[in-house]
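Q: Below you'll find the structure I mean.
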Amino acid sequence: MTHKLTFSLAMALAAATLPATGALARTGAPVAAAQSEDARLTAFLDAEFAAYVKTQPQLATRLGIKEGGDRWNDNSDAGARAEVEWRKASVARMKAQFDRAKLSPEAQVNFDIWALEADRAEQSFANRIYRPPFYSRLYSAHSQLPDFLINTHSVADVTDLKNYIARLRGLPAVLDFALERTEASQAAGVNLPRFQIETIIEGSRKLTSGAPFGEGNDAALWADVKAKTAGLVTAGKLSQGEADALLEEAKAAILATQPAYAKVFQWAERSLPTAPSGKVGALTLPDGLAYYERELKLVTTTDMTAAEIHAKGRAEVARIEAGQDALARQAGLADRHAFYAERAKLNPPRQYDDAARKEYLDTANAFVAHTRSLLAPYFGTLPAYGIEVVREPAFSEVAGGAAHASAPSPDGKRPAKTYVHLVGTVPDPAAMYTLMCHEAVPGHNMQGDIQVRQKGGPKFRSVTGYVAFGEGWALYAENLCKEMNAFPDVAADFMRLDAELFRAARLVVDTGIHAMGWTEDEAVTYMNTTGRQPIERSRSEVRRYITLPGQATGYKIGMLKIMELRQRAEAKLGSKFDIKGFHDLLIASGSQPLSILERRVDEWIARTAG
């Protein structure tokens, strides 16, 4: 998944960061009158997107652009409002300059998505008060900012290193502003759950412990900047003397983050005694149900209500459990309960140690390579860059934490990565295969690899993402692994259904928490007993749903739509159905809302049918 978290180093500059409408209109290169409407639209959108990227330095870094690499994004209210107004003005310019009816079907998709993004930005801004920078379990500012420096800010030359140090210097101001926004949300009645505040305290303590703050192992940022500097020295791009001087600057900048983290500690300690626990869903927030329904629309890109999603989840749970029973009987066991019991005997509980971590990573990376070798009969467009399974950084690693993926850089110098939490109880080894299909190949890492390498179309499509599409594809990819005969045995296939059951349970739990008043413990119990997740994973997952409302519903809703569209295409096309063509249609042109995906598949069916 790809996510964006933006902050401000200079709030007063917010309104000035976005180009004026007239200036932006003049940024496009002259376009020859003979160009096709598609080419004209692409040129227009590329000019608009280039102007936008200049206001988003962290996005520029992800794209491998050095400009702005010494700054953080602006996440002030004024900056966010300016972005909404700029997007709306950009759409108005597009509609004034182009007749949609004269565009090809693919160009119409680009036209529609650019227009839709303006609407979504406005909807997202309406929910801004509910999204303070420290609220999210996955993307809290205290850990997301260091994570960006460590895992996204590559250092290929001295300029990159100096930009890294500049961002370190800017980190205290960004944390201060994140704290201001969080306190503003608190004043409006949006309070962080107690467990999230405890997580912030623990994570912040890890980030400011060890060298250079005191005795012990190097703190995460210090270890990272030392390693990246050493890489430049080894490559002959930096002398040791210059490296030592820059490391002293980096050390000073890292030490200067301690007072900002101390403010975070003080705020957390003040907030902890009155922080809510137990019932902490959207219904406890001001006008929370309306907020949650807006989030569902943003995430699923459908008009499904919370009640509809809840009912769909319960129906899917029943269907998948029946499938597990059938598979268990094929294996000579009475039902799914007997299969789970047999797996528990074969894999008694044990805690991760270094040997178990190495075994997991070695097996996972080998399986990803194996699955990659099976792709050719199913895809015309294949991944081209490196894909690695790695351990979650220590400062954000938690027992039962959810694995997640990052896309490669557009030039492939930064490989795609799947991050896994390797602390706590070791899961059933058979579950790893489905997880790799979801996060790596043919799931997120593969889809991200293809998306960042898109050629010919407008550049904004390479970074625009939709949860229901991306997560729906990754969940569909789990089922595709079965079709590709990637799984080594029946246990791996059974655990594929176990993973799908987990995603169906998410529909029930997420809506239960935020639309039906479930408590945290009620949600954990359902996820543990029906979703079949270990208790520590169940609690970790539920806490993620509490602080990221609606996001978990995108997986199953997206998968169900993709499966529905494939079944429709197979039924209507018969022998003309081409699996490569279908898959390339889905992921070769980037992420898209489900409504647009459905339209494109219907058009593809009509063209293929002749």
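Q: Restricting attention to the alpha-carbon atoms of region 499-605, what are Rg (one decimal) and Dmax (integer), both in Å?
A: 17.4, 51
Q: Follow-up question, since we're still on this one. Distance from a point 7 Å along Cα→Cβ of ALA227 to each backbone N in region 125-164: keep the residues under 15 Å and list them by number.
A: 146-156
Q: Sticking with this structure for a sec: Please report how far the C-alpha centroid of region 332-410 lies from that of region 522-578, rounded to the nearest whole angstrom.
A: Spelled out, the Cα-based centre of one part sits 18 Å from the other.
Q: Another one. Considering the dipole of the chain built from charges on the beta carbon (Lys and Arg +1, Asp and Glu -1) around the Cα centre, which of GLN123, LEU374, VAL390 is farthest to its positive end?
A: GLN123
Q: In nm, what is the difference between 0.36 nm times the number of residues separating ASN151 and ALA394 and their Cα-Cα distance?
A: Roughly 86.2 nm would be gained on extension.
Q: Restricting to the chain, compute how many DSSP beta bridges are antiparallel as a %, nearest 5.
A: 40
Q: For semi-axes √(5λ) of the Cα gyration tensor in Å, the listed values are (i) 66, 32, 20; (ii) 54, 33, 21; (iii) 35, 33, 26; which was obtained by calculation from the structure presented?
A: Checking each listed value against the structure points to (iii).
Q: Determine, from the Cβ-Cβ distance of ALA290 and ARG599 and an R0 of 35 Å, the FRET efficiency 1/(1 + (r/R0)^6), rounded to the nearest 0.05.
A: 0.80
Q: What full-extension length gain, to one decimal in nm, is calculated for LYS237 and LYS88 as 0.36 nm per residue of separation minus the Cα-Cα distance? Please list the in-between numbers first.
A: Values: separation 149, 0.36 × 149 = 53.64 nm, distance 4.45 nm.
Going from the current span to full extension adds 49.2 nm.
Q: If you average the sequence gap of Cα pairs under 8 Å that are 6 or more apart and divide by the length of the chain, what percent do you get for the contact order?
A: The normalised contact order for the chain reaches 15 percent.
Q: If you take the beta carbon distance between ALA334 and THR425 as r and set R0 to 25 Å, what does 1/(1 + (r/R0)^6) give as a FRET efficiency, to the nearest 0.05? Could you put the intermediate results ahead of the total?
A: Values: r = 26 Å, r/R0 = 1.05.
With a Förster radius of 25 Å, E is 0.45.
Q: Another one. How much length is gained on full extension from ALA50 to PHE577, taking 0.36 nm per residue of separation minus their Cα-Cα distance?
A: 185.9 nm
Q: Using a Förster radius of 25 Å, what is the FRET efficiency between GLN567 and VAL490 based on their Cβ-Cβ separation? Nearest 0.05, please.
A: It comes to 0.50.
Q: Relative to 2.2 N^0.38 Å, what does the C-alpha radius of gyration of region 126-213 come to as a ratio? Two decimals please.
A: Numbers: Rg = 14.7 Å, N = 88, 2.2 N^0.38 = 12.1 Å.
For region 126-213, the normalised Cα radius of gyration is 1.22.
Q: What number, in nm² with one decimal, is the all-direction average of the projected area of the convex hull of the alpha-carbon atoms of region 383-471?
A: Spelled out: convex hull of the Cα atoms, projected over all directions, averaged, 6.5 nm².
Q: Which of the residue pairs LYS162/LYS228; LYS66/LYS413; LYS358/LYS417; LYS102/LYS455; LYS226/LYS251 have a Cα-Cα distance greater than 19 Å in the structure shown?
A: In this structure, LYS102/LYS455 exceed 19 Å between Cα atoms.
Q: Once you keep just the Cα pairs under 8 angstrom separated by 6 or more residues, what percentage relative contact order results for region 134-277?
A: About 36 percent, as a whole number.
Q: Then there's this: Helix-only estimate, please: 222 nm mean residue ellipticity of the chain, summing -39500 (n - 2.57) across DSSP H runs of length 4 or more and dividing by its residues, to the nearest 500. Mind showing how you got there, number by number?
A: Numbers: 25 runs with 374 residues, N = 610.
So the helix-based figure for the chain works out to -20000 deg cm²/dmol.
Since every read-out is calculated from the coordinates, none of them should be taken as a lab result. Note that the structure is a prediction, hence the values are computed from the model and not measured. Ideal geometry is used to build each Cβ from the backbone, glycine not excepted, and the neighbour counts take in all protein chains shown.
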